[in-house]
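Written below as structure tokens is the structure these notes are about.
None of the figures in this text is laboratory data; all of them are computed from the coordinates on show. On a predicted model such as this, the values are computed, not experimentally measured, just so you know. So basically every Cβ, Gly included, is an ideal-geometry build from the backbone, and we count neighbours across all protein chains shown.
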Amino acid sequence: MIPRILEPEVMETTEDVAQYDAMDHGEVNARFAADFLAVHGIGRGGEILDVGTGSARIPIEIVRADSLSRVMALDLSEAMLEQASLNIAKAGLSRRIRCHLGDAKTLLDQFGERAFEAVISNTIIHHIPDPGPVLEAMARLVAPRGTLFVRDLARPSSRSEIERLTMAYAGHESPAARGLFAASLGAALSLEEIQSLVKRMYLSPMDVVMTSDRHWTWVWRNVG
Ligand SMILES: C[S@@+](CC[C@H](N)C(=O)[O-])C[C@H]1O[C@@H](n2cnc3c(N)ncnc32)[C@H](O)[C@@H]1O
């Protein structure tokens with residue numbers, strides 16, 4: 001297994017943000033929203049927290065598909081949230097998605113336990129050097145009968161597999177965007193690493209499964 005090589009945590013510069021927002025994540029975002037709503041249900045109301053929302057493409061998909069949902073879109077990058085606000089306004093959804101500048105590493109300083117109907121997160125765990133406490137805080141923010149839905153890239157076992165996945169899924173992107181995707185795969189947790197973090201929280205590691213050739217997904221329902 002190749003070692004995890006961290007990449008910068010936050011996407012700060014306007015160039016980073018423009019490059020990220022221009023990349024074609026449409027299919028991945030649509031699948032995230034559909035998979036989340038399939039387990040959480042539609043029409044439940046309440047607020048969903050999206051941790052590391054980026055340019056808010058996933059919250060936009062979710063509130064379009066579920067007319068009762070509202071989302072708090074959290075990110076640590078001001079530049080990313082500026083792009084998110086533009087995208088939300090352009091979609092005419094400013095009353096249902098609010099942006100929040102905040103750090104995923106201090107969630108429990110910002111919100112009360114069980115404050116959200118659901119907590120979701122797509123491809124941010126690989127940005128976090130020590131993801132265990134962040135995952136635990138996300139779980140503690142989920143209301144009773146609510147849903148935690150976390151998805152990220154899985155680190156492949158070899159460099160040749162990183163190259164294969166990069167060509168398969170970012171081969172049509174710019175060289176810079178291809179480099180970003182390859183670096184993200186190298187910074188990601190392996191399936192075994194994320195399962196072991198979940199086990200340390202006394203939750204079932206079997207709830208983390210591979211959901212594509214490059215993503216793991218952890219779904220947890222708060223039955224408490
Ligand atoms: C790869 S992007 C994913 C964005 C979005 N979830 C999506 O799927 O399009 C990762 C995002 O996580 C944000 N991020 C990284 N570390 C963070 C932290 N500690 N707290 C909040 N956001 C963070 C970055 O600024 C970036 O917007």
Residue list for segment 73-111, given a label point 7 angstrom along the Cα-to-Cβ vector of S67 and an amide N cut-off under 13 Å: none
Separation in nanometres of the label points that stand 7 Å from Cα toward Cβ, at V209 and A34: 1.7
Relative contact order (percent, whole number), the chain, Cα cutoff 8 Å, 6+ residue spacing: 21
Counted charge near L180, where neighbours are those whose Cβ lies closer than 9 Å (Asp, Glu -1; Lys, Arg +1): -2
q = 0.10, 0.11, 0.18 Å⁻¹: log10 I(q)/I(0) that the Debye formula gives for the chain, counting C-alpha atoms only: -0.41, -0.50, -1.48
Segment 14-221 - share of DSSP beta bridges that are antiparallel (%, nearest 5): 35
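May I ask you to sort I124, I5 by Cβ crowding, counting other Cβ atoms within 10 Å and putting the fewest first?
I5, I124
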Ascending count of other beta-carbon atoms within 10 Å, so fewest first, for H25, H40: H25, H40
Local electrostatic count at I2 - Lys and Arg +1, Asp and Glu -1, tallied over other residues with Cβ under 11 Å: +2
Mean Cβ count within 10 Å, highest first, over the residues of peptides 153-161, 172-180: 153-161, 172-180
